[in-house]
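Colleague: Quick one: the structure is below, questions incoming.
What follows draws every value from the coordinates through simple rules; no lab data is involved. Note that the structure is a prediction, hence the values are computed from the model and not measured.
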């Protein structure tokens, strides 16, 4: 076989390979685009992330769980999603607050001994779930 | 005679000196004891914590309690330091150690390390359960509310004539008195019940008070 023939065959194979590679890549890209259209768009996902990350969880700054106090009144404060309805209940008292901003604070009476205080926050948005915390605060007089 | 007097004088002098030295030593010991006791009391106050639970074992020198999370704690009692009280209303009445028995609900104030408490004071108190959930069923014949909490626990709340019944006014957000007839399935209820040592069948309790959040509040 002549030298020119061998070079022509090699060049033909290389060219064929390149064309085949180009066609396979293009086809898979098209298929990927088709499947993307079925799944939720990336913009939607980003919006979801923004809503979840901007949500303020119910946090109680004070009092601490299992805290001992020597006064018959305690200040309950914390953070919550804006416009949430907050229900604070114990065996001796219930307080309802509407959080105009991300924080809340209220004075709450205590009975001598153990005080089980349940704090529930109902967010204004129906898409968000209610959140709750339970505190045990012990009011024990100093002289005891 | 002079000699006898001299001996007597020396004897009295020696006795006086001995008594004086002994008295001073006793005084010093007492002051030291008081100082140590004060320091111990100060340290105890600094590290003081409280825990509550139901007594399931009583022995000389210690108690064993089971707390809310079903964990067991050993309560060490000190004959000289630990004091005992019972809480009635807003008063604490001092009692004896023997007054504490199995199944009592107690608060222990003391130094906690691991699962052991060196008790400073022990109080007999009432155990309350404060929770909330959705009303799944209103039994108007038996004045009973079936409630499912957010942790999927089911409660049967008996509404008695003594039960304080309140409702949220969704316009004013004020709490008002209400009656059983106004309670509907789907409403949210916040409730308080008193727990006893006996395990309640079907989580059925006589209810102390309820606060209803009408379902209309959540429909905006």
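Colleague: Taking N as the number of residues in the stretch A:56-139, what value does Rg over Cα atoms divided by 2.2 N^0.38 Å take?
Modeller: Details: Rg = 12.5 Å, N = 84, 2.2 N^0.38 = 11.8 Å.
Relative to the 2.2 N^0.38 Å estimate, the stretch A:56-139 comes out at 1.06.
Colleague: Could you work out the relative contact order of the stretch B:30-132, using alpha carbon pairs under 8 angstrom and six or more residues apart, expressed as a whole percent? Provide the component values of the computation, followed by the final result.
Modeller: Details: 183 pairs, mean separation 28.7, N = 103.
Relative contact order here is 28 percent.
Colleague: Let me ask something else about it. In percent, what relative contact order does chain B have, based on Cα pairs under 8 Å that are 6 or more apart in sequence? Please report the intermediate quantities before stating the final value.
Modeller: On the way: 390 pairs, mean separation 31.0, N = 220.
That works out to 14 percent.
Colleague: Kirkwood Rh and Cα-based Rg: tell me the resulting Rg over Rh for the stretch B:92-220, rounded to two decimals. All intermediate terms of the calculation are to be shown ahead of the outcome.
Modeller: Working: Rg = 18.7 Å, Rh = 17.0 Å.
Rg divided by Rh gives 1.10.
Colleague: Given bins 10 angstrom wide, list per bin the percent of all Cα-Cα distances in chain B, short to long.
Modeller: Reading the bins upward from 0: 7, 22, 19, 17, 13, 7, 5, 4, 3, 2, 1, 0.
Colleague: Let me ask you something else. For the protein assembly as shown, what is one quarter of the convex hull surface built on the Cα atoms, given in nm²?
Modeller: Orientation-averaged projected area of the Cα hull: 43.8 nm².
Colleague: Working from Cα positions, state the angle (0 to 90°, nearest 10) between the long axis of helix B:2-47 and the longest principal axis of chain B.
Modeller: 20 degrees
Colleague: Any idea what the relative contact order of the stretch B:142-218 is, in percent, if you count C-alpha pairs under 8 Å spaced at least 6 apart?
Modeller: Numbers: 133 pairs, mean separation 27.1, N = 77.
Dividing the mean separation by the residue count of the stretch B:142-218 yields 35 percent.
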